[in-house]
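Q: Can you keep this structure in mind? I'll have questions shortly.
The values are calculated or read from the model by the stated rules, or taken from the named source; none is laboratory data. On a predicted model such as this, the values are computed, not experimentally measured, just so you know. Cβ placement follows ideal geometry from the backbone for every residue including glycine, while neighbour counts extend to all protein chains displayed. These accessible areas exclude ligands, DNA and RNA; they are computed on the full protein's heavy atoms, side chains included. Shrake-Rupley method; radii C 1.70, N 1.55, O 1.52, S 1.80 Å.
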Amino acid sequence: QKEVEQNSGPLSVPEGAIASLNCTYSDRVSQSFFWYRQYSGKSPELIMSIYSNGDKEDGRFTAQLNKASQYVSLLIRDSQPSDSATYLCAVIQGAQKLVFGQGTRLTINP
Amino acid sequence: DAGITQSPRHKVTETGTPVTLRCHQTENHRYMYWYRQDPGHGLRLIHYSYGVKDTDKGEVSDGYSVSRSKTEDFLLTLESATSSQTSVYFCAISVGREPTNYGYTFGSGTRLTVV
């Protein structure tokens with residue numbers, strides 16, 4: 001079992017709709033969770049962090065964490081073509097190392 | 001921008017030659033990391049450092065070594081490059097006091113091709 005798993009996609013969403021990205025992790029003691037966005041040919045960019053169960057909202061982005069189910073998700077409301085990118089879920093492991101999922105490629109269709 | 005510079009940005013090298021990639025930061029952060037990114041594998045940790053001369057292995061460290069003689073520089077060396085080491089290499093720093101605080105900030109990457 002991979003430590004952090006994501007559906008690689010591609011996920012296609014119409015402009016203006018809600019995009020939902022999901023991630024599961026295997027280390028039950030993990031405490032810190034992150035979502036990165038990566039445009040083609042660019043480096044990953046941190047867009048959300050979440051540490052407690054529940055929802056965390058930042059503009060059009062909402063991160064959701066359920067530690068009991070070992071599940072993290074990212075919702076993007078009012079999706080725009082500029083949101084088309086690969087989204088990487090990452091989890092801190094062993095207090096020092098960030099472990100990444102393989103990423104979900106998201107395409108927003110105008 | 002957290003002041004991370006990777007060099008070179010692109011490199012083509014021959015199998016069997018040594019290669020050194022450099023990561024330079026300007027903000028005195030303690031933790032630095034080297035990742036490689038390959039299709040289907042996402043980002044995988046090669047080595048990391050938690051201070052000058054303090055380094056440790058990640059999940060894909062075979063064939064790589066690192067050095068950190070100054071806080072600002074973290075070097076990744078491929079002792080004898082192989083085609084399987086063709087990849088995009090990213091350096092990252094942890095901008096919080098502890099790695100768990102704020103995630104990492106990444107450099108622009110080095111695209112390495114081994115022929």
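Q: Considering the zone a paramagnetic label at B:THR26 would reach in this model (a point 7 Å from Cα along the Cα-to-Cβ line), which residues of region B:46-73 have amide N under 19 Å from it?
A: From region B:46-73, the list is B:70-73.
Q: With the cut-off at 22 Å, report for chain B the share of all Cα pairs above it, as a whole percent. Before the final figure, lay out each step's value.
A: On the way: 1659 of 6555 pairs.
Of all Cα-Cα pairs in chain B, 25 percent lie more than 22 Å apart.
Q: In Å² (nearest 100), what accessible area is buried between B and A, both sides summed, heavy protein atoms only, 1.4 Å probe?
A: 1600 Å²
Q: Another question, then. Using the basic label-point model (7 angstrom from Cα toward the beta carbon), what is the B:TYR50 to B:HIS10 distance in nanometres?
A: Using points 7 Å along Cα→Cβ, the separation is 3.9 nm.
Q: Keeping every protein chain in place, order B:HIS24, B:HIS10 by accessible area at 1.4 Å, biggest value first, i.e. largest first.
A: Values: B:HIS24 50, B:HIS10 135 Å².
In descending accessible area the options line up as B:HIS10, B:HIS24.
Q: Please give the average number of partner chain Cβ atoms lying within 10 Å of the Cβ of each residue in B:30-39, rounded to a whole number.
A: On the way: counts 0, 2, 0, 3, 0, 3, 0, 7, 1, 3.
So the per-residue partner count for this stretch is 2.
Q: At 4 °C and 1.567 mPa s, grab the translational diffusion coefficient of the protein assembly as shown from Stokes-Einstein with a Kirkwood Rh over Cα pairs, rounded to a whole number in µm² per second.
A: Details: Rh = 18.0 Å.
Translational diffusion coefficient: 72 µm²/s.
Q: Within region A:1-99, list the chymotrypsin sites (Phe, Trp or Tyr not before Pro) lying in a DSSP loop whose Cβ has at most 12 other Cβ atoms in a 10 Å radius. Could you put the intermediate results ahead of the total?
A: On the way: sites: A:TYR25, A:PHE33, A:PHE34, A:TRP35, A:TYR36, A:TYR39, A:TYR51, A:PHE61, A:TYR71, A:TYR87; in loops: A:TYR39, A:TYR51.
Here the sparse-neighbourhood loop sites are A:TYR39.
Q: Could you give me the ³J(HN,Hα) list for region B:15-23, computed from phi with Karplus coefficients 6.51, -1.76, 1.60 and θ = phi - 60°, whole Hz, x at Gly and Pro?
A: Once θ is set to phi - 60°, the couplings for region B:15-23 become 3, x, 8, x, 9, 10, 9, 10, 10 Hz.
Q: Next question. Averaged per residue, what accessible area in Å² does chain A show with a 1.4 Å probe, protein chains only?
A: Details: 5150 Å² over 110 residues.
Normalised by residue count, the accessible surface of chain A is 47 Å².
Q: Where does the charge balance sit around A:ARG60 when Lys and Arg score +1, Asp and Glu -1, over other residues with C-beta under 11 Å from its C-beta? Show your work: numbers first, answer last.
A: Working: positive: A:ARG77; negative: A:GLU57, A:ASP58, A:ASP78, A:ASP83.
It works out to a net charge of -3.
Q: Give the shape of region A:1-92 as rounded, prolate or oblate, defined through the alpha-carbon gyration tensor: a ≥ b ≥ c are the square roots of its eigenvalues, a/c under 1.5 means rounded, and otherwise the shape is prolate if a/b is larger than b/c and oblate if not.
A: On the way: a/c = 1.79, a/b = 1.47, b/c = 1.22.
Cα axes put region A:1-92 in the prolate bin.
Q: Say a site is exposed when it is one of the GluC sites (Glu not before Pro), sits in a DSSP loop, and has at most 16 other Cβ atoms within 10 Å; what is then the longest site-free stretch of chain A?
A: Values: sites that count: A:GLU3, A:GLU15.
Formally, the longest exposed-site-free interval is A:16-110.
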